[in-house]
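Report on the following structure.
The values are calculated or read from the model by the stated rules, or taken from the named source; none is laboratory data. Small disclaimer: the values here were computed from a predicted structure and weren't measured. Methodologically, a virtual Cβ is constructed for each residue, glycine included, from the backbone with ideal geometry; neighbour enumeration extends over all protein chains shown.
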Amino acid sequence: MSEAYRKKGLSQVSLIFACGTALFSDGYANNVIGAVNTLLKRVYGDEFAKHKNYSTTLSSLAFAGTVVGMLLFGYLSDKMGRKFGMMTATGIVAVFSGLSAASTGAHHSIGGMLAMLMACRFLLGIGVGAEYPCGSVAASEQSEEPGISKNAQHRWFALATNTMIDFGFVIGAFVPLVLFWIFGENHLRAVWRLSLGLGVVPALAVFIWRLRMEEPTRYKKDSMVRGSVPYLLIIRRYWVRLSAISITWFIYDFITYPFGLYTSTVTDTITGHSDSLSVVFGWSVVINLFYIPGTVAGAFIVDYLGPKWTMITGLLAQAIIGFIMSGLYTQLTHHIAAFAVVYGIFLSFGELGPGNCLGMLAAKSGPTAVRGKFYGIAAAIGKIGAFGGTWAWQRIVDDFQAMHPNDPNIGNTGPFWIGSGLAIFSAIITFFFIRPIEHDGMEDEDRKFREYLEQHGYDTSQMGLGETETDSMSSESDEKKVPVAA
């Protein structure tokens, strides 16, 4: 019996990863485009330079597509089902990863090729954004299925979602390097097209992995597919939680995405302004690896401290490191290895805290009936923060530099000062306005939500998919009788 439940637990863990692993595509798609931009400049030279706003527009369209995907599929995952949303999202990512690699213009014009690439990136962004309210939400619900140890629920969710995004960042930096080793300097067209096209592989793999999945038990029992959704009642109960999570996500992405720009600064300095692609890409891989220890360590900490306190710990630690980097920026730049390590620790604490916990809080703070919308709104506001931070970063640098024109380094300290201050502000919001999430917290929240609706005259008998619930209920009761070893 114990062996049977152990196998059931492992099978359930694999379902959590089947739901969340597609977020790898987010990290890969967002990171690989940096290397692709570098390659496009090398390949097309002066012709590419004519399109001055290409890089900015490309980033903006990718963000816009992601926000559209989060909001649209937040609704669809609640209305049409988690599996429908996940399968559609993975299909979109696969199709437009392939089309991005095949981008071309009429009569082989560079402008036409870039226009097609931008259109494909926007549509790819919709698929990537869809994974958040579909895949992450399904992963959170699978983490509370029978067979998962209560003391590992948060861990498996973090490893299956944010850790996958961070691995996507690393692989997105590593793939162009490997392709460059294979094809060499004279075949850079093959390198950039294959770098984009290989995004099809993980998407198709996850698509196949998901084919035999069923809807999570929580969705079967507590969705509102068959009845009307009492939005006014829901807003009245959850607006504070949603607002707090959305604001902290906005701040986190406002800090994190612009700091990605520092990666190129560090790489450029470390390599002595080298123009060797193997050197530049290699250091990019090293710097992106700093994300991994933070997200993995955080995944094992969060089940003990809980998402709220793990997030506060990560934010405060990140703020301390940021203030140190601000004060010692000039000294650190004279020892670039030390700068890279301290900068890497700064990134790691960001992943240990808000990187791992924001998605968890968004997925587990609301009821199953509107979990996709809840998550989609919070994640979309976070992406808007990323967009705003990317545009604000250079203004911050310029303004700090203008205050002290005689110090050439003072401008670069600005983002660290402001980012660290915002991290502390985010920790304060988390402390006062975000509730702790317990193990099996979604089941408890759904029960309280039903009671709340009944108190206000809502007919809760129309909730769920209308399927018989005896099997799932009996399996849960059996589960309580037998120790679980997952």
Verdict on ALA317 being closer than 28 Å to ILE245 by Cβ, touching a Leu at 6+ places or on another chain (Cβ under 8 Å) and small (Gly, Ala, Ser): yes
Only one of GLY372, GLY366, GLY376, GLY355 that is modelled with pLDDT under 95 and either in a helix (DSSP H, G or I) or aliphatic (A, V, I, L, M) (or both): GLY355
Subset of the range 330-350 [over 22 Å from PHE300 (Cα atoms) and crowded, with 19+ Cβ neighbours inside 10 Å]: LEU332, PHE339, ALA340, TYR343
Of all residues making up the range 420-460, the number that are out of contact with any Pro (no Cβ under 8 Å at 6 or more places or on another chain) and hydroxyl-bearing (Ser, Thr, Tyr): 4
Positions within the range 119-150 being at pLDDT below 90 and over 16 Å from CYS19 (Cα atoms), in sequence order: PRO146, GLY147, SER149, LYS150
Condition check for LEU117: under 21 Å from the mean Cα position of the chain (by Cα) and either part of a helix (DSSP H, G or I) or crowded, with 19+ Cβ neighbours inside 10 Å (or both): no
Residues being at pLDDT 95 or above, within 16 Å of the chain's Cα centre (by Cα) and not β-branched (Val, Ile, Thr) - total across the range 239-292: 3
Test for TYR231: is it crowded, with 19+ Cβ neighbours inside 10 Å and of a type in the set (Phe, Trp, Tyr): no
Within the range 166-256, helices (runs of 4 or more DSSP H) holding 2 or more residues that are touching a Ser or Thr at 6+ places or on another chain (Cβ under 8 Å) and farther than 25 Å from VAL67 by Cα: 217-222
Residue that is at pLDDT 80 or above and surrounded by fewer than 19 Cβ atoms within 10 Å (Cβ to Cβ), where the choices are ALA427, ALA485, ALA402: ALA402
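In this structure, is GLY421 among the small types (Gly, Ala, Ser) and either touching a helix residue (DSSP H, G or I) at 6+ places or on another chain (Cβ under 6 Å) or crowded, with 22+ Cβ neighbours inside 10 Å (or both)?
So GLY421 fails the test.
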All positions within the range 120-169 that are buried (at least 24 other Cβ atoms within 10 Å of the Cβ) and among the polar types (S, T, N, Q): SER136, SER140, GLN142, SER143, GLN153, THR161, ASN162, THR163
Selection count, the range 329-383, where residues are acidic (Asp, Glu) and more than 12 Å from PHE290 (Cβ to Cβ): 0
Leading residue by the ranking (nearest to TRP393 (Cα to Cα)) among those in the range 411-441 that are in a helix (DSSP H, G or I), touching a residue at least 60 places away in the same chain (Cβ under 8 Å) and of a type in the set (Val, Ile, Thr): THR413
